[in-house]
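In what follows, a structure is listed as structure tokens, so that the remarks can point back to it.
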Amino acid sequence: TPCADLVIAAVDNVKTRRLIQEDVPRVIINGEMYADELTISRHDNPLEEACLMCLYPNYVGESQEAYPSLPFTALLAGALMLGEVIKERVPSLRKFRLKNMLMVQGMLKSPCWILIHHKKVDSCICRRDEFVRKYCHYLKL
């Protein structure tokens, strides 16, 4: 089956993020939260840029620890992710798409907005031949 054109990864664990990335969608909009921090990332070229799993290079399994977050953090994360979907779908807005990752820290005191450019990780699934073949096949590269 062909891969999805766009996937919104609003999940609470790395294992599911891995499954999403392994399905090689054309674009992944990822959102995650912890306490008063949130991160939004966009992944659309895993052959050249960091894929979703490059963000978790040391992933070995899920922690059983609960991750608290502020109620408005989810609302803000959802709004930012929706903005990325709109920018993806409206051709005149594509030039404003997020490049890689946006992190917001310290939302309770003085919010700090940080743009981060993640690099590909050598040990990541996106470096494996099987992943590259599947990605190229689905996108007819």
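The values are calculated or read from the model by the stated rules, or taken from the named source; none is laboratory data. Owing to the predicted nature of the structure, the values given are computational and were not obtained by experimental measurement. With ideal geometry, Cβ positions are generated from the backbone for all residues, glycine too; neighbour counts draw on all protein chains shown. To get the accessible areas, we keep the full protein, side chains included, count just its heavy atoms, and leave off ligands, DNA and RNA. Shrake-Rupley method; radii C 1.70, N 1.55, O 1.52, S 1.80 Å.
Distances between placed amide hydrogens fall under 5 Å for Val11 paired with Gly31, all partners being 5 or more residues away or on another chain. Modelled label positions at Ala35 and Ala79, each set 7 Å beyond Cα in the direction of Cβ, lie 2.3 nm from each other.
What does the charge count around Gln105 come to, taking other residues whose C-beta lies under 14 Å from its C-beta (Lys +1, Arg +1, Asp -1, Glu -1)?
On the way: positive: Lys109; negative: Glu32, Asp36, Glu37.
Here the count lands on -2.
Evaluating 6.51 cos²θ - 1.76 cosθ + 1.60 at θ = phi - 60° for every residue in the range 74-85, the Karplus couplings come out as 5, 4, 5, 4, x, 5, 5, 5, 4, x, 5, 5 Hz, glycine and proline recorded as x.
So, with +1 on the Cβ of K and R and -1 on the Cβ of D and E, and no other charges, what is the size of the charge dipole of the range 14-113 about its Cα centre, to the nearest 20 debye?
That gives the range 14-113 a dipole magnitude of about 440 debye.
Remark on Tyr34: its backbone amide H falls under 5 Å from none of the residues 5 or more positions apart or on other chains, H modelled at 1.01 Å from N. Taken over the C-alpha atoms, the range 68-112 has Rg and Dmax values of 12.6, 38 angstrom. Rolling a 1.4 Å probe across all protein chains gives Leu70 an accessible area of roughly 40 Å². At a probe radius of 1.4 Å, what is the per-residue accessible area of Phe72, in Å² to the nearest 10? Answer for Phe72: close to 90 Å² accessible. Here the Karplus curve 6.51 cos²θ - 1.76 cosθ + 1.60, taken at θ = phi - 60°, turns the phi angles of the range 92-109 into couplings of 6, 9, 4, 5, 9, 4, 5, 9, 6, 9, 10, 10, 10, 10, x, 5, 7, 9 Hz, with x standing for Gly and Pro.
Dipole orientation for the chain: of the candidates Tyr135, Ala9, Tyr59, Tyr135 has the Cα lying most toward the positive pole (charges on Cβ; Lys, Arg +1; Asp, Glu -1). Segment Arg18..Gln105, full-extension length gain: 28.9 nm, with 0.36 nm per residue of separation and the alpha-carbon distance subtracted. Across the range 88-141, Cα-Cα distances exceeding 12 Å account for 77% of all pairs. Computed over the Cα atoms of the range 1-43, the ratio of the radius of gyration to the Kirkwood radius (Rg/Rh) comes to 1.01. Using a simple spin-label model with pseudo-atoms 7 Å out from Cα toward Cβ, Val90 and Leu70 lie 2.7 nm apart. The three principal axes of the C-alpha atoms in the chain carry coordinate ranges of 47, 41, 25 Å, sorted with the longest axis first.
Dividing the helix sum by the residues of the chain, where each DSSP H run of 4 or more adds -39500 (n - 2.57), gives a mean residue ellipticity at 222 nm of -8500 deg cm²/dmol.
With loop membership from DSSP and a limit of 11 other Cβ atoms within 10 Å, the longest segment of the chain without GluC sites (Glu not before Pro) is 66-141.
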